[in-house]
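Note sheet for the following structure.
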Amino acid sequence: MDTVLRIILQRLALGLVTLLVVSIVIFVAVNLLPGDFAELILGQGSTPEAVASIRRDLGLDQPMVARYFQWLSGMVTGDLGTSFAQLNFQTNLGGAGGVTVIEQIAPRFSNTLFLAGVTAMIAVPISLILGVLAALYRNSAFDKATNIFTLSSVSSPEFFMAYLLILFLAVLNPILPSLSNIYDGMAFSDRLNKSLLPALTLTLVVMAQMMRMTRAAIINLLASPYIEMARLKGISPIRVIVRHALPNALAPIITVIALNLAYLITGVVVVEVVFVYPGIGQLFVDSVKIRDIPVVQACCLIFAAAYILLNLTADILAIISNPRLRHPK
Amino acid sequence: MTDQLLKIRGLKIEGRSDETWNPIINGVDLDLKKGEVLGLIGESGAGKSTIGLAAMGFTRDGVRISEGSVVFDGVDLVTASAKVKRGLLGKRIAYVAQSAAASFNPAHRIIDQHTEAPTQHHVMSRAESTADGIELYRKLRLPDPENIGFRYPHQVSGGQLQRAMTAMAMSCRPDLIIFDEPTTALDVTTQIEVLAAIREIVEEYDTAAIYITHDLAVVAQMADTIKVLLRGDEVEEADTRTMLSAPTQDYTKSLWAVRSFERPRKPAVVSGAVPVVSVRKIQASYGKIKVLHDVSFDIHAGRTVAVVGESGSGKSTVARCITGLLPPSVGEIAFDGDVLPGDYRKRPKDQLRQAQMIYQMADTALNPRKTIGQIIGRPVQFYTGLTGSDRRRRVDELLNQIELEPSEYFNRLPSELSGGQKQRIGIARALAAEPKFIICDEVTSALDQLVAEGILRLLADLQDKLGLSYMFITHDLATVRAIADEVVVMKEGRVVEQGEKTAMFLPPHHAYTDLLLSSVPEMDPDWLDNLLTERGIDNIGDAAVDKM
């Protein structure tokens with residue numbers, strides 16, 4: 001177990017370093033955006049003095065390096081700053097009374113996690129089962145139908161799949177609500193009900209890759225001597241695949257699942273817009289529009305952290321799935 | 001005919017390549033009685049494994065049984081449904097594969113794989129089968145039989161795994177076991193243990209077996225009758241003693257004759273001559289693990305030094321030190337009396353040119369996307385600076401030297417060559433640098449005996465013509481006998497014995513050399529019995545424990 005622990009710690013440290021590098025990239029990239037908050041808020045007729053004054057109040061006149069370290073030190077202590085747009089100008093700039101970035105992001109992010117969670121609960125098991133079945137009945141009509149279905153759903157634009165589902169499940173057969181306007185204090189079952197359509201849409205989007213990787217990873221192993229051995233022991237085909245092939249095919253499957261889960265957290269803005277779902281994606285796009293730099297940076301960082309964390313988890317699970325590392329000589 | 005177990009009639013098997021079906025087996029008959037052991041021998045491509053699998057009603061992807069019947073105890077496996085076959089496989093017919101390391105599932109414990117067939121076929125409960133497995137492990141003299149099954153395959157050595165796989169095949173007490181080259185991948189000393197274990201357990205449970213191998217001496221120990229195959233056809237079949245003493249067919253005789261190749265003795269080295277390569281007290285480590293301890297030996301001009309030992313003895317590490325891939329931590333390598341830098345990157349091109357290598361797996365040592373002309377032409381240009389038509393002429397000359405027709409082979413890809421031809425290309429590539437010294441790393445161990453003999457003869461001729469020195473890494477003592485002038489025996493990173501070959505093959509030996517020498521199977525059906533009596537059965541068990 002020592003080896004596994006050591007590898008996990010190494011990966012964790014590497015993840016932190018990656019996050020630090022990403023934070024620099026984010027900071028530089030966001031600051032390279034043309035236009036700034038002060039110009040936008042004052043409009044076209046603003047005097048240079050007024051712009052400079054707001055910049056000074058927001059700290060935008062400081063050199064970039066100084067601002068980066070300020071941001072970084074705030075982040076390390078858990079302070080992501082105050083949203084420009086939500087600053088309370090009456091209570092003195094930067095003082096108490098403004099809405100902090102954390103307060104603004106937290107509810108949105110938890111909504112996003114909820115939607116991603118519901119989607120994962122549906123998409124991952126279905127993809128795995130379909131992948132195993134497709135590998136079992138490879139080159140059969142079932143295999144081909146599954147491939148065509150998943151490939152066409154992933155190839156269509158997300159909003160198109162969303163509207164199709166709305167048409168069939170909300171308009172023609174009013175089973176599910178087409179608006180996903182969830183809010184705090186809503187009962188869990190209502191929340192689930194309202195999130196179901198966006199979750200199904202996202203399922204269609206992420207399923208293809210996971211299912212096809214499961215199928216490919218299993219089929220790839222079917223020529224190995226130990227699979228032949230299992231068949232020569234008279235083991236049934238489904239058991240050969242589930243017990244003998246699948247455990248050895250886990251590493252690539254886990255990696256693809258992690259990538260898709262990361263996508264569910266960071267890339268679902270279109271679906272959020274279609275269903276009016278109050279997730280972090282919409283907040284992010286709105287903040288970019290008004291150059292609300294603290295929020296944009298925080299969102300970027302959360303996205304980056306999600307990617308790194310999920311890939312890290314995938315790496316660790318893949319390592320644990322390898323008996324050579326779990327049980328060293 | 002109540003004791004007839006397996007009856008194969010007119011078996012024809014085809015394999016698909018490029019959309020067409022080509023015959024692999026052209027109508028073979030085979031009969032096996034209960035408790036009888038049949039040896040199937042032949043070179044690679046003879047169809048031994050294909051027949052072995054077909055005897056289980058199984059064909060690999062891209063292979064089909066086109067005609068004939070395989071009747072096992074009244075059931076024709078060719079026409080039986082998949083379900084009927086599954087009911088027999090594992091339960092009444094079992095399989096032992098060539099590479100146990102590859103044929104055990106890496107994701108499950110050995111015992112879980114052992115109990116799978118009995119529980120799936122409802123022969124025994126899991127607990128019963130586990131207890132039975134432990135009993136079988138004990139019978140097969142595996143070390144620590146109570147616990148070894150609870151390890152994962154990668155935690156157990158190759159020879160032990162091979163025995164565990166034999167135990168697994170025995171788990172349902174089948175009537176028939178197909179052994180497909182079960183000891184080919186093992187060292188000679190390990191091979192003995194596995195052979196003895198297999199034979200004992202097959203006798204004890206009166207199991208019939210088809211024993212597939214290319215090694216005549218091995219089959220002589222194991223089989224009651226021997227069937228010789230050549231490219232999908234039966235050459236002849238007879239009981240083992242008759243077959244060994246009086247083969248009737250020319251092909252069988254030629255197989256028997258291979259082992260007789262031996263080079264004439266060379267004159268002794270002039271005392272005071274400077275050796276081509278001198279390995280002086282080198283030590284080397286991989287990380288913290290020290291793998292070589294004070295290894296020293298000399299290789300003189302025009303002579304062949306065989307470095308022998310089991311896997312893990314440090315043979316290949318010495319080669320890595322000489323070529324500079326692994327700089328020794330202590331000691332030095334001298335070439336023609338000049339000490340070489342330890343790291344190959346610090347050696348001048350001319351020194352690099354002088355020492356070349358030929359590898360065990362010609363398959364993986366040749367770039368599959370380059371033509372033969374490019375593979376040989378590249379070192380010609382790199383080391384000798386020849387270009388254009390000069391380079392082409394030199395490549396042709398090299399191809400002639402390895403007895404391949406230049407016009408025919410120049411533009412071919414490695415995939416269009418046979419195993420022996422690929423190894424010849426490996427030799428030509430080494431010769432392209434015009435070296436004085438060549439390291440041959442197990443160059444014949446992946447080849448059939450007839451082909452291997454051809455390679456050995458070629459190397460011997462080249463040595464006579466070009467005055468080359470060879471370092472011959474091998475674990476096969478027959479090869480040593482055929483080609484070496486001097487022998488260096490290694491064990492656990494140390495040289496345990498060295499000297500002239502003629503002296504080495506005569507007693508008294510170092511105990512380890514003796515073990516190696518006596519473990520090489522001989523073409524005498526009583527050899528294994530005699531050896532086991534001589535060593536005492538317990539010795540083998542002890543040897544297995546020592547290996548832990």
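The values are calculated or read from the model by the stated rules, or taken from the named source; none is laboratory data. Given the structure is predicted, the values throughout are model-derived calculations rather than measurements. With ideal geometry, Cβ positions are generated from the backbone for all residues, glycine too; neighbour counts draw on all protein chains shown. Note: areas computed on protein heavy atoms with side chains; ligands, DNA, RNA excluded. Shrake-Rupley method; radii C 1.70, N 1.55, O 1.52, S 1.80 Å.
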request  = Check B:PRO143 against each of (1) open to solvent by 40 Å² or more (accessible area, probe 1.4 Å); (2) more than 14 Å from every other protein chain (Cβ to nearest Cβ); (3) part of a loop (DSSP other than H, G, I, E, B) and name the one condition it does not meet.
outcome  = (1)
request  = Would you check which residues across region B:98-109 are assigned to a helix (DSSP H, G or I) and basic (Lys, Arg) and list them?
outcome  = none
query = Among the residues of region A:183-201, is any under 23 Å from A:TYR137 (Cβ atoms), open to solvent by less than 10 Å² (accessible area, probe 1.4 Å) and away from chain B (no Cβ under 14 Å)?
reply = no
Residue list for region B:303-312, filter: buried (at least 24 other Cβ atoms within 10 Å of the Cβ) and of a type outside the set (Val, Ile, Thr) = B:ALA306, B:GLY309
query = Is it the case that some residue within region B:56-76 is open to solvent by less than 10 Å² (accessible area, probe 1.4 Å) and away from chain A (no Cβ under 12 Å)?
reply = yes
ask   = Any residue in region A:293-316 that is touching a Gly at 6+ places or on another chain (Cβ under 7 Å) and among the charged types (D, E, K, R)?
value = no
request  = List the number of the failed condition for B:GLY312; all other conditions in (1) under 25 Å from B:VAL188 (Cα atoms); (2) free of Cβ contacts under 8 Å to residues at least 40 places away in the same chain hold.
outcome  = (2)
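Give the residue, chosen from A:ILE166, A:ILE148, that is open to solvent by 60 Å² or more (accessible area, probe 1.4 Å) and at pLDDT 90 or above.
One residue alone meets the criteria, A:ILE148.
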query = Got a sec? Which of A:ILE219, A:ILE175, A:ILE254 is under 20 Å from A:LEU130 (Cα atoms) and open to solvent by 40 Å² or more (accessible area, probe 1.4 Å)?
reply = A:ILE219
ask   = Based on what the data block shows, is B:GLY302 closer than 17 Å to B:VAL496 by Cβ and of a type in the set (Gly, Ala, Ser)?
value = no
query = If the Cβ limit is 8 Å and pairs must be 6+ apart or interchain, which residue in region B:374-398 that is modelled with pLDDT under 90 pairs with which residue that is basic (Lys, Arg) and not in a helix (DSSP H, G or I)?
reply = none
key: Qualifying positions in region A:278-296 - part of a helix (DSSP H, G or I) and of a type in the set (Gly, Ala, Ser)   = A:GLY281, A:SER287
remark   = When B:GLU128 is run through (1) away from chain A (no Cβ under 12 Å); (2) surrounded by 21 or more Cβ atoms within 10 Å (Cβ to Cβ), the failure sits at (2)
request  = Could you pull out the residue among A:VAL21, A:VAL4, A:VAL51, A:VAL28 that is of a type in the set (A, V, I, L, M, F, W, C), open to solvent by 70 Å² or more (accessible area, probe 1.4 Å) and assigned to a helix (DSSP H, G or I)?
outcome  = A:VAL21
task = Enumerate the helices (runs of 4 or more DSSP H) found wholly within region B:468-521, keeping only those where 3 or more residues are without any contact (Cβ under 8 Å) to a residue 40 or more places away in the chain and open to solvent by less than 40 Å² (accessible area, probe 1.4 Å).
result = B:511-519
task = State which residue is farthest from the chain's Cα centre (by Cα) when the search covers only region A:125-135 and only residues that are open to solvent by 30 Å² or more (accessible area, probe 1.4 Å) and touching a residue at least 40 places away in the same chain (Cβ under 8 Å).
result = A:LEU130
inquiry  = For region B:26-55, which positions are among the small types (Gly, Ala, Ser) and either within 13 Å of another protein chain (Cβ to nearest Cβ) or more than 16 Å from B:ALA223 (Cα to Cα) (or both)?
reply    = B:GLY27, B:SER44, B:GLY45, B:ALA46, B:GLY47, B:SER49, B:GLY52, B:ALA54, B:ALA55
ask   = Where in region A:214-277 are the helices (runs of 4 or more DSSP H), entirely inside, with at least 1 residues that are within 14 Å of chain B (Cβ to nearest Cβ)?
value = A:225-232, A:246-266
key: Filter result (out of contact with any helix residue (DSSP H, G or I) (no Cβ under 6 Å at 6 or more places or on another chain), open to solvent by less than 80 Å² (accessible area, probe 1.4 Å) and β-branched (Val, Ile, Thr)) within region B:1-24   = B:ILE8, B:THR20
request  = Kindly check whether there is at least one residue in region B:94-110 that is among the small types (Gly, Ala, Ser), touching a residue at least 40 places away in the same chain (Cβ under 8 Å) and open to solvent by 30 Å² or more (accessible area, probe 1.4 Å).
outcome  = yes
note = Among (1) surrounded by fewer than 20 Cβ atoms within 10 Å (Cβ to Cβ); (2) more than 14 Å from chain A (Cβ to nearest Cβ); (3) not in a helix (DSSP H, G or I), B:HIS122 falls short only on (2)
inquiry  = Going by what's in this entry, would B:ASP112 be described as over 23 Å from B:ASP3 (Cα atoms), within 13 Å of chain A (Cβ to nearest Cβ), part of a helix (DSSP H, G or I) and of a type in the set (Asp, Glu)?
reply    = yes
message = Suppose we keep only residues that are assigned to a loop (DSSP other than H, G, I, E, B) and at the interface with chain A (Cβ under 8 Å from one of its Cβ atoms) within region B:81-97. Which one would you say is nearest to B:MET124 (Cα to Cα)?
response = B:LYS91
request  = Check off (1) in a loop (DSSP other than H, G, I, E, B); (2) within 14 Å of another protein chain (Cβ to nearest Cβ); (3) among the hydroxyl-bearing types (Ser, Thr, Tyr) for B:THR183 and give me the number that stays unchecked.
outcome  = (2)
key: First in region B:176-192 and buried (at least 20 other Cβ atoms within 10 Å of the Cβ), second anywhere and in a loop (DSSP other than H, G, I, E, B) and among the basic types (Lys, Arg), Cβ under 8 Å, 6 or more apart   = B:LEU176/B:ARG92
